[in-house]
1. Kindly establish whether residue 57 is of a type outside the set (Val, Ile, Thr), modelled with pLDDT under 90 and under 29 Å from residue 117 (Cβ atoms).
2. Name the residue that is nearest to residue 144 (Cα to Cα), counting only residues in segment 23-66 that are of a type in the set (S, T, N, Q) and either open to solvent by 20 Å² or more (accessible area, probe 1.4 Å) or touching a Lys or Arg at 6+ places or on another chain (Cβ under 8 Å) (or both).
3. Report whether or not residue 190 is exposed (fewer than 11 other Cβ atoms within 10 Å of the Cβ), modelled with pLDDT under 85 and either of a type outside the set (Gly, Ala, Ser) or within 15 Å of residue 236 (Cα to Cα) (or both).
4. Taking residue 149 and the conditions (1) modelled with pLDDT under 85; (2) open to solvent by less than 80 Å² (accessible area, probe 1.4 Å), which numbered condition does it fall short on, given that it satisfies the others?
5. Report every pair of residues separated by at least 6 positions or lying on different chains whose Cβ atoms are under 7 Å apart, first residue within segment 65-85 and over 21 Å from residue 95 (Cα atoms) and of a type in the set (Ser, Thr, Tyr), second modelled with pLDDT under 80 and assigned to a loop (DSSP other than H, G, I, E, B).
Amino acid sequence: MMTLEQWLFEKLDNYWSPNGPTPWAVMLFGGIALVLSILLCGLIGLEREKRGRSAGLRTHLLVGVGSTIIMIVSIYGFPSVFGGHRDVARLAAQVIAGVGFLGAGAIIHRNSGVRGLTTAGTIWIVMAIGLACGSFNFLLALVGTLLIILVLTLFKKFEVKLSKKNPTILITADPGEPLMDKILKVSKEFECTIHGLNIELVDDGDALEAIFQVVFSNTQASVEEYMTSLKRETNAITVQLLDRK
């Protein structure tokens, strides 16, 4: 099935050279693909840049534009030899695998949890947008970018509201404290359940750290009051909310 952009490309190609393929249509549409890739991937990279992520505008632009170039080269850079067939998706498949490793580098695992998953996802998606631009699927790339911007902005508000109702909490306390028993005691008083509780020694055994998510069954329960009670009961050094991004 041929897309509108590909149909237009074929018409222009036949107009310039009815007797055979010409590089002029490839050059024109290749230039459009590169400019569009810069604009679309730049929008996503700019959103990450504003949030202070390690992979920002330049990284997303490099991945997106690079994917566009490789897709164009994969389709039009290797003409068939002696009428043989060629696999135009081979380089694109290598790009998908390679960018997966690049996205993994944006993920950071610390004692306070995992960060960078969203940025790794945006790196992967600008690669897909670049491939769409390079294959002259401009409308698909445009609609995909608009949807991603919608997810990164509008859905962020819903995520913030959800995280307030079901917060992830980090407690640092003295290693001699029966931390688990006291967390369970306070949670029972507030009619809430905890998920993913992880307790470990940190700072060479000088402190005990607990990370868990709280789900309140009572909609009137206050997260601030719950954290205050935790700090009082556990004699905690710190009690803080974690930003789940």
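The values are calculated or read from the model by the stated rules, or taken from the named source; none is laboratory data. Predicted model only: the values in this text are computed from it and were never measured. All Cβ positions, even for glycine, are placed from backbone atoms using ideal geometry, and neighbour counts span all protein chains on display. Just the protein is used for accessible areas: all its heavy atoms, side chains included, with ligands, DNA and RNA removed. Shrake-Rupley method; radii C 1.70, N 1.55, O 1.52, S 1.80 Å.
1. Numbers: of a type outside the set (Val, Ile, Thr): yes; modelled with pLDDT under 90: yes; under 29 Å from residue 117 (Cβ atoms): yes.
Judged against the criteria, residue 57 is a match.
2. The qualifying residue nearest to residue 144 (Cα to Cα) is 59.
3. Working: exposed (fewer than 11 other Cβ atoms within 10 Å of the Cβ): no; modelled with pLDDT under 85: yes; either of a type outside the set (Gly, Ala, Ser) or within 15 Å of residue 236 (Cα to Cα) (or both): yes.
No: the conditions fail for residue 190.
4. Only one criterion in (1) modelled with pLDDT under 85; (2) open to solvent by less than 80 Å² (accessible area, probe 1.4 Å) is unmet by residue 149, namely (1).
5. Within 7 Å, the pairs are 80/86.
A quick yes/no check of all residues on (1) surrounded by 12 or more Cβ atoms within 10 Å (Cβ to Cβ); (2) assigned to a loop (DSSP other than H, G, I, E, B); (3) at pLDDT 85 or above:
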residue: 114; (1), (2), (3): no, no, no
residue: 119; (1), (2), (3): yes, no, no
residue: 129; (1), (2), (3): yes, no, yes
residue: 155; (1), (2), (3): no, no, no
residue: 158; (1), (2), (3): no, no, no
residue: 170; (1), (2), (3): yes, no, yes
residue: 186; (1), (2), (3): yes, no, yes
residue: 199; (1), (2), (3): yes, no, no
residue: 220; (1), (2), (3): no, yes, no
